[in-house]
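J.: First the structure, which I've put down as structure tokens, then a few questions once you've had a look.
The values are calculated or read from the model by the stated rules, or taken from the named source; none is laboratory data. Only a predicted model underlies this, so the values are computations on that prediction, with no experimental measurement involved. Every residue, glycine as well, gets a Cβ built from its backbone with ideal geometry; the counts of neighbours run over all protein chains shown. Just the protein is used for accessible areas: all its heavy atoms, side chains included, with ligands, DNA and RNA removed. Shrake-Rupley method; radii C 1.70, N 1.55, O 1.52, S 1.80 Å.
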Amino acid sequence: MDLLIPSSGLLFWMTITFFIVLFILWKWGFPAITDMVRERNAFINDSLKKAHEANDRLANLQQEGESILQEARGEQARILEDAAKTRDNIVGMAQDKAKAEGARIISAAKIEADNVRQNAISDIRSQVAQLSVQIAEKVLREKLSTNQAQMDFINRMLDEVVVDSNNK
């Protein structure tokens, strides 16, 4: 049984060695281990905090990106609306200009047509007057073929001129 029950001297020295090892570990070993555990814990906590901050930044960036995208879409819609208004204004101005130009051309054509008509009327009157004079000349030549007829005609004309000047 000696193997199962240690002797009192061995127990004494084992107890003293245990307390010396416990003291050494307590003095220098456990503080180093607990410091390493604390540092590791602080590092892990700091990493978790940075990961949360990075997550928050990522969420903020996503929100900012979404707001910028919405803003860009609104700007695009505004630009397209302005372009449509500008196009409508240009088309309207072109139509107005075309109408004004058409009215001017029509007016010029009317004036030209009136001028042509007046010229034609003047030419016709001139030709009618010439024809009338020629016809009158031929008629008078026939009627006034004798000297006596010519003198009678001249006297009648003079009488009419004198009567007209007295009436005035």
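J.: For Lys27, go through the aspartates and glutamates and keep the ones whose alpha-carbon is under 14 Å away, minus same-chain ones fewer than eight residues off.
T.: Asp35
J.: Can you find, among Gln62, Ala83, Val116, the residue sitting farthest towards the positive end of the charge dipole of the stretch 1-146, where Lys and Arg contribute +1 and Asp and Glu -1 at Cβ?
T.: Val116
J.: Suppose every Lys and Arg Cβ carries +1 and every Asp and Glu Cβ carries -1, with no other charges. What dipole size does the chain come out with about its Cα centre, to the nearest 20 debye?
T.: Computed charge dipole of the chain: roughly 220 debye.
J.: In the chain, what percent of the accessible surface is made up of carbon and sulfur (1.4 Å probe, ligands and nucleic acids excluded)?
T.: Reported share for carbon and sulfur atoms: 63 percent.
J.: So, one more: Send over a whole-number figure in Å² for the accessible area per residue of the chain, probe 1.4 Å.
T.: Value for the chain: 92 Å² per residue.
J.: Give me D for the stretch 1-135 in µm² s⁻¹, whole number, from Stokes-Einstein with Rh from the Kirkwood sum over alpha-carbon pairs, 4 °C and 1.567 mPa s.
T.: 47 µm²/s
J.: Put +1 on the Cβ of every Lys and Arg and -1 on every Asp and Glu Cβ in the chain; which of Ala100, Val128, Val139 then has its Cα farthest towards the positive end of the dipole?
T.: The one lying farthest along the dipole's positive direction is Val139.
J.: When the helices in the chain are scored as -39500 (n - 2.57) per DSSP H run of 4 or longer and the sum is shared across all residues, what 222 nm value do you end up with, to the nearest 500 deg cm²/dmol?
T.: After summing the helix terms and dividing by residue count, I get -34000 deg cm²/dmol.
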